[in-house]
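Everything below concerns the one structure shown next.
The values are calculated or read from the model by the stated rules, or taken from the named source; none is laboratory data. Every value quoted in this text rests on a predicted model; they were computed, and no experiment measured them. Neighbour counts run over all protein chains shown; Cβ positions are idealised from the backbone, glycine included.
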Amino acid sequence: MKKCEYCGKEYVKNESDYLKNLSETFRKNLEYLPTCDCLEKKKERELEELERKRTRENIEKKMQKCKDISVIDKKFQNSRFENADIKCEQMQLAQQYVKSFMKKEKQEGLLFYGGVGTGKTFTTACIANYLMERGKTVLVMNLGLYLNKLTIEWGAAERDILEQVEKCDLLVIDDFGGEKGLDKNQTGWRGEKIYNLIDARYRSEKPLIISTNLNFSKDEEKCEISEKFSSHRQNRIRDRIIDMCFPIQVIGKSKRGMTKQKFFEFMY
């Protein structure tokens, strides 16, 4: 008697009349029928695994597309929380941020601002790499290189890039306002392209992280971000950033411009 190879239950003889009309091969295959649901469960598991595989492949494709567009170097790629000074409070806050990011449906953005060499880029890189390693799509932009690429090679593909800006789980703009090498007569063009980038992310209602050496202030007269751009949209760039990002002043590797309590209130 034929038995189930999974649970050992015996099959029953198939007495159905329709077997007479089938070929010998089909009759042999259907001569005995299972009394358990092991084969059905096996089929369900196979379908579930196929769906998981498709999901993984889709995520990998999205991640690769973001990596292809991202402008990052090896130093950025190698930045990890494991290599960080965890006693540094900005790193502690960054670790709290990524944990919250993995749990919450709606995420918030961050703006790291402060002097050169205070660890802003390293902090944002640790956040980006942590999330990418856990299947999140992260697009990393350097505005200077982004604008140059738009001029040289990406002009026709700007819409495709902005589409990825809208779709990715996290957008990171490193060294915001530090772009160099553009002609003076491109100042208005620069402001327009940067506004388009920021606005695309704003409309997606997804998180943005910015690092910048520029001084940030909600007071327009004291905000260097407003001064940096001479286009008519300059205030709207600052306003968009204010709406999307919680500002963290990075004074040094072990100092910050906010209280941990305020950060937790913002996150939760």
## Note on the structure
Log entry, pairs with first residue in the range 186-210 being acidic (D, E), second being modelled with pLDDT under 85, beta carbons closer than 6 Å, six or more apart or on different chains, reads E192/S231
### Query
Under the condition of being surrounded by fewer than 17 Cβ atoms within 10 Å (Cβ to Cβ) and at pLDDT below 85, which residue from the range 159-182 is nearest to the chain's Cα centre (by Cα)?
D160
### Complete set of residues in the range 183-218 that are assigned to a loop (DSSP other than H, G, I, E, B), farther than 21 Å from K167 by Cα and at pLDDT 80 or above
N213, L214
## Note on the structure
The number of residues in the range 1-15 that are out of contact with any Phe, Trp or Tyr (no Cβ under 8 Å at 6 or more places or on another chain), in a loop (DSSP other than H, G, I, E, B) and either modelled with pLDDT of 85 or more or over 21 Å from C36 (Cβ atoms) (or both) is 5
### Query
Does at least one position in the range 27-38 carry a residue that is in a helix (DSSP H, G or I), under 39 Å from the mean Cα position of the chain (by Cα) and surrounded by 10 or more Cβ atoms within 10 Å (Cβ to Cβ)?
no
### Summary
The condition of being outside the structural domain of I198 (by TED's automatic domain parsing) and either free of Cβ contacts under 8 Å to residues at least 40 places away in the same chain or not small (G, A, S) (or both) holds, among Q95, Q64, only for Q64
## Note on the structure
Checked Y11, Y18, Y6 against criteria (touching a helix residue (DSSP H, G or I) at 6+ places or on another chain (Cβ under 9 Å), among the aromatic types (F, W, Y) and not assigned by TED's automatic domain parsing to the domain that holds A125); the one match is Y6
